[in-house]
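S.K.: Below is a structure I'd like to ask you about.
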Amino acid sequence: SFSETCISVRSPSHYWVSECDNLGYYNDMVYSDADDEYFRKMLATDSALPDRWKLSMVTGEFAPPEQVSFLADCNKSSVFNKYKERVGEFHVSSLLFNKAFSSSQKKEVLLAASNALGYEFSVTALSLSSSENTLTVSLTITNQGIAPFYYKWPVILAFASNGSVGKKVTTDWDITSIAPGQSKDFTYTLDQPDSDSALLLGIPNPMEGGYPVSF
């Protein structure tokens, strides 16, 4: 029923969860010491469960009883570092946090908390080699985040000239294969542009109006 859409379940310890690689986890009390320990114990019930984040995303909610106190103290390094350690431990890709919208005073810290989740892609190396009719693009993408990107969205290359984007080419690159803390090399050969151009890289969202993958 969910061959394309990632879904998450509350209890990794249910007997059938370990048999379904496409099921992720939903921890609805992230940052609560007692509940996070309970989540750890559930993961420990099967040797395959702790590594499930490599295949399916972990989502959840910032523990509601802890949200107000976190907002009050999140400027403190000890508090924010605890948060980063906790989401990093569980490789969390997204969190609900309804109290974040009650005040704009901590906007920068809350954006940093959001950016600490999921993937973080950077192009860390690039080289171009040309022949008479073709241009070969070789680049390295590094994931400095805490989780993979889980959807095989198309990676697009294109040339832009005089403010206009020309023909877009869909590569065969698989961004889901870039594990957190690792880099991967990609190569693709295109037809040479007719004039001086800027080379563009993009990973658009296949859903209409959806956000693209950010670098």
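The values are calculated or read from the model by the stated rules, or taken from the named source; none is laboratory data. All values derive from a computational prediction rather than experimental measurement. Cβ coordinates were reconstructed from backbone atoms using ideal geometry, including for glycine residues, and neighbour counts include every protein chain displayed. Areas reflect the complete protein model, heavy atoms only, side chains present, ligands, DNA and RNA absent. Shrake-Rupley method; radii C 1.70, N 1.55, O 1.52, S 1.80 Å.
S.K.: If the cut-off is 17 Å between C-alpha atoms, which aspartates and glutamates fall inside it for K152, apart from same-chain ones fewer than 8 positions away?
M.R.: Answer for K152, where 17 Å is the Cα cut-off: E4, D21, E120, D172, D174, D185, E208, listed by chain and number.
S.K.: When the Kirkwood hydrodynamic radius is evaluated over all pairs of different C-alpha atoms of the stretch 112-215, what value in angstrom, to one decimal, is obtained?
M.R.: Values: mean 1/r = 0.0673 Å⁻¹.
It works out to 14.9 Å.
S.K.: What are the semi-axes of the equivalent ellipsoid of the chain, taken as the square roots of 5 times the eigenvalues of the Cα gyration tensor, listed largest first and rounded to whole Å?
M.R.: On the way: eigenvalues 284, 94, 43 Å².
Ellipsoid semi-axes (Å, largest first): 38, 22, 15.
S.K.: Taking θ as phi - 60°, what are the ³J(HN,Hα) couplings along the stretch 90-97 by the Karplus curve (6.51, -1.76, 1.60), each to the nearest whole Hz, with x for Gly and Pro?
M.R.: Per-residue couplings from phi come out as 9, 6, 6, 9, 7, 9, 6, 7 Hz.
S.K.: Further, regarding this structure: Just in the stretch 1-106: which GluC sites (Glu not before Pro) are loop by DSSP and have at most 14 other Cβ atoms within 10 Å?
M.R.: Here the sparse-neighbourhood loop sites are E4.
S.K.: How big is the gap, in Å, between the Cα center of the stretch 9-35 and the Cα center of the stretch 41-107?
M.R.: 14 Å
S.K.: Could you order C74, C20 so the one with the most accessible surface comes first? Probe is 1.4 Å.
M.R.: On the way: C74 5, C20 45 Å².
Output order, biggest surface exposure first: C20, C74.
S.K.: No solvent, one uniform scatterer per C-alpha: report log10 I(q)/I(0) for the stretch 113-160 via the Debye equation at q = 0.21 1/Å, two decimals.
M.R.: With no solvent term, the Cα-only Debye profile gives -0.89.
S.K.: Separate question: Kirkwood-based Rg over Rh for the stretch 68-165 (C-alpha set), two decimals? Write out the running numbers ahead of the final one.
M.R.: Values: Rg = 19.5 Å, Rh = 16.9 Å.
Here the Rg-to-Rh quotient is 1.15.
S.K.: Apply the Kirkwood formula to the stretch 1-112: the hydrodynamic radius equals the inverse of the mean of 1/r over all pairs of different alpha-carbon atoms; give it in Å with one decimal.
M.R.: Radius from the Kirkwood sum: 14.9 Å.
S.K.: Would you work out the relative contact order for the stretch 56-215, in percent, from Cα pairs under 8 angstrom that are 6 or more residues apart?
M.R.: On the way: 272 pairs, mean separation 32.4, N = 160.
Averaging sequence separation for qualifying contacts and normalising by length gives 20 percent for the stretch 56-215.
S.K.: Here is a further query. What range in the chain is the longest one free of trypsin sites (Lys or Arg not before Pro) that are in a loop by DSSP and have at most 14 other Cβ atoms within 10 angstrom?
M.R.: Details: sites that count: R10, K76, K152.
Maximal segment without exposed cleavage sites: 77-151.
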